[in-house]
Amino acid sequence: MKRIAMALVLCAALPLIACGQQIAEQDVTQDVTPAPLQVLTTTVPAGQMSVLYPPFVFQAQGGLLPYLWDVVTGTCSGVPCGSLPPGLVLTADGTLSGMPTTTGSFGYRIRVTDNGGNAAIMDIQVGADRRTEKPTG
């Protein structure tokens, strides 16, 4: 008899739980909309002709990972999009690297695409100067 009384007291102390019955479980799903995809990088360091360009990684936020990066080629609104300086490459993970083979200022358009197919673009300028030799002696 003591066990029954104890069970009744426990059931009375926990009114939200039905005594002797299983509690129903329910899966809950919620759609989460990621923040809009955007390129965060607005400038890149200048390089020097015939000098290895230290790897530079473009940054983005929002959208769905992973990101894929590329340079937009052709025309953009009727104007040539430009290109990277000869000798530099942009890899799919957003790393700019290489060795500039000519001097000048180069404007180009980069694009990042997220896993959901959303894209963001940014126009970038990068310069490649002549290498300056320090006098020896």
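Nothing in this text is a laboratory measurement; each read-out follows from the coordinates by a stated rule. Quantities reported herein were computed from a predicted structural model and do not represent experimental measurements. Heads up, the Cβs are rebuilt from the backbone with ideal geometry, glycines too, and the neighbour counts pull from every protein chain shown.
At 0.36 nm per residue, minus the direct Cα-Cα distance, what do Val57 and Val32 gain on full extension? Give it in nm, one decimal, please.
6.2 nm
Can you put Leu52, Leu37 in order, fewest other beta carbons within 10 Å first?
Leu52, Leu37
Given a cut-off of under 8 Å on Cα pairs at least six residues apart, what relative contact order in percent is computed for the range 59-137?
The value is 31 percent.
Given R₀ = 35 Å, what would the calculated FRET efficiency be for Asn115 paired with Gln48, taking r from the Cβ atoms and rounding to 0.05?
FRET efficiency, Asn115 to Gln48: 0.45.
How long is the gain from Leu68 to Thr103 if the chain were fully straight, where each residue apart is worth 0.36 nm and the alpha carbon distance is subtracted?
Here the answer is 9.8 nm.
To one decimal place, what orientation-averaged projected area in nm² is obtained for the convex hull of the Cα set of the range 65-117?
4.2 nm²
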